[in-house]
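The values are calculated or read from the model by the stated rules, or taken from the named source; none is laboratory data. All figures in this text were calculated on a predicted structure; none of them were measured in a lab. Here the Cβ positions follow ideal geometry from the backbone for every residue, glycine too, while neighbour counts run over all protein chains shown. Note: accessible area is taken over every heavy atom of the protein model, side chains too, but ligands, DNA and RNA are not part of it. Shrake-Rupley method; radii C 1.70, N 1.55, O 1.52, S 1.80 Å.
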Amino acid sequence: MTHSPTPTELLALRTANAALLNSPDSFCDMVATIVFALGSAQLLQSPTRAAELTARRNEDMALRGELAPMGEPRKVPFELGDSLVPAVQWLIAQVAEQEEVRVDLWAHLDFRLRDIERLRARVAELEAERTRPAPLFPPDPAAPVIEPLAGTLRIRALMAEDPHESPLHHEHRLSRDLPEMPRG
């Protein structure tokens with residue numbers, strides 16, 4: 001024996017020794033050798049390890065049932081072998097491909113939403129033009145363009161003049177200021 005026995009190996013050894021108490025020593029040595037060989041080959045397991053292994057086998061069977069259910073088409077395009085790694089790799093590739101498609105769709109949708117907003121703004125402009133009342137007098141293309149600032153300056157200059165010297169000044173007489181007319 002080149003290594004110290006594990007607790008599971010010791011338990012198997014004690015069990016074998018208790019069963020063979022009435023056996024010759026050479027047979028006990030043979031049983032010990034067998035038990036240590038089984039432990040080295042990892043064929044002896046603790047109850048915890050056996051429960052973990054059973055749980056993993058059950059998970060494996062459940063996954064196989066999900067990927068290739070009986071009476072239904074397989075979820076992966078190939079037969080499941082001893083390992084589920086190829087199926088998981090194929091599923092990861094499918095998810096990555098779907099993610100690329102999703103990103104492309106979102107980019108296209110974003111472009112279309114901006115296009116819709118632009119078109120809605122244009123429709124609103126056209127509706128505003130359609131509902132705006134027409135001017136009473138259409139603009140004359142030959143009419144001079146009046147600049148608002150020049151007109152304001154001109155009016156201020158006229159207001160600054162003496163009102164009696166202005167060419168626009170008129171004397172307005174009321175009827176009481178006019179000469180009397182004979183009645184009669």
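Taking amide H positions as modeled 1.01 Å from N, with prolines and chain starts lacking one, the residues under 5 Å from Lys75 and 5 or more places away or on another chain are Ala68.
Expressed in Å, the radius of gyration and Dmax of the Cα atoms of segment 59-112 are 15.4, 48. Restricting segment 77-122 to chymotrypsin sites (Phe, Trp or Tyr not before Pro) that sit in a DSSP loop and have at most 13 other Cβ atoms within 10 Å of their own Cβ leaves Phe78.
For Thr152, the solvent-accessible surface with a 1.4 Å probe is about 60 Å², rounded to the nearest 10.
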